[in-house]
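Below you'll find the structure, written out as structure tokens, and then a few comments.
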Protein chains: 2
Amino acid sequence: MTLLEVRIELKKGVADPEGENTKKALDLLGFEVKKVRSVKVFEIELDESDEEKAVDMGKEMCRKLLANPVIHKYTVEAKRE
Amino acid sequence: MTLLEVRIELKKGVADPEGENTKKALDLLGFEVKKVRSVKVFEIELDESDEEKAVDMGKEMCRKLLANPVIHKYTVEAKRE
């Protein structure tokens, strides 16, 4: 079994309204914050025990479903077997 | 400057419709997936250079705004100064 950590971030220059509004809310609560970026993570459990194959599968999932290549960049890592 | 990684996960036993639906969609695309868990991450830049103080501040942000203690557990880590 492999546990994948699929991390989907916005590309540089793409607006991040969730991050910006979270920053505003933190500012209003009195926290001094320079920037907030929102990131989506999926932890995916696979039966595949070959880490390399599992990571390749995770990248294909990003290409086919999880990420939008226009605005997202993604990283896929095997966390443990 | 400290960059915090604030990771907000659902507690065990709490329903994760986003993860479940992502799993269904991956199944339909032909991926054999055992489980998908959705996780929210905020990367927060702070001027605070003391890592320990920055992490404490991040935990307070979770308590006051970012996490719902009924359903969420959170971890706060300093990624780099």
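The values are calculated or read from the model by the stated rules, or taken from the named source; none is laboratory data. Just so it is clear, the structure is predicted and the values come from calculations on it, not from any experiment. When we count neighbours, we look across all protein chains shown, and the Cβ atoms used for this are built from the backbone with ideal geometry, even at glycine. These area figures cover heavy atoms from the full protein model, side chains too; ligands, DNA and RNA do not enter into them. Shrake-Rupley method; radii C 1.70, N 1.55, O 1.52, S 1.80 Å.
Taking 30 Å as R0, compute the FRET efficiency from the Cβ-Cβ separation of A:K11 and A:E77 and round it to 0.05.
My answer for the efficiency is 0.95.
According to the square roots a ≥ b ≥ c of the eigenvalues of the Cα gyration tensor, what is the shape class of the protein assembly as shown, taking rounded for a/c under 1.5, prolate for a/b larger than b/c otherwise, and oblate for the remainder?
prolate
Under the definition of Cα pairs under 8 Å and six or more residues apart, what whole-number percent is the relative contact order of chain B?
53 percent
Accessible area lost on pairing A with B, both sides, 1.4 Å probe, Å² to nearest 100?
3100 Å²
Tally up the carbon and sulfur contribution to the accessible surface of chain B as a whole percent, 1.4 Å probe, everything protein left in place.
On chain B, the fraction of accessible area on carbon and sulfur atoms equals 49 percent.
Taking the alpha-carbon centroid of each part, what is the distance from the range A:1-64 to the range B:39-81 in angstrom?
16 Å
Can you tell which of A:E20, A:E32, A:E51 shows the greatest fluctuation in a Gaussian network model of chain A with Cα springs below 10 Å?
A:E32
Note down the accessible area of B:V70, probe 1.4 Å, to the nearest 10 Å².
Estimated to the nearest 10 Å², B:V70 gives 110 Å².
So if a site counts as exposed when it's one of the trypsin sites (Lys or Arg not before Pro), its DSSP state isn't H, G, I, E or B, and it has at most 12 other Cβ atoms within 10 Å, what's the longest stretch of chain B without one?
B:13-81
Give the nm distances, rounded to one decimal, from B:V14 to the matching residue in every other copy, measuring between label points 7 Å along Cα toward the beta carbon; shortest first.
Its label point is 2.6 nm from the equivalent points in the other copies.
Run lengths n ≥ 4 of DSSP H only: what is the helix-derived mean residue ellipticity at 222 nm for the protein assembly as shown, with -39500 (n - 2.57) per run over all residues, to the nearest 500?
-8500 deg cm²/dmol
Going by the rotation axis that takes chain B to chain A, pick out the residue of B with the closest C-beta and quote the gap in whole Å.
B:V41, 3
Give me the 1.4 Å probe accessible area per residue for the protein assembly as shown, excluding ligands and nucleic acids, in Å².
Here the per-residue accessible area is 58 Å².
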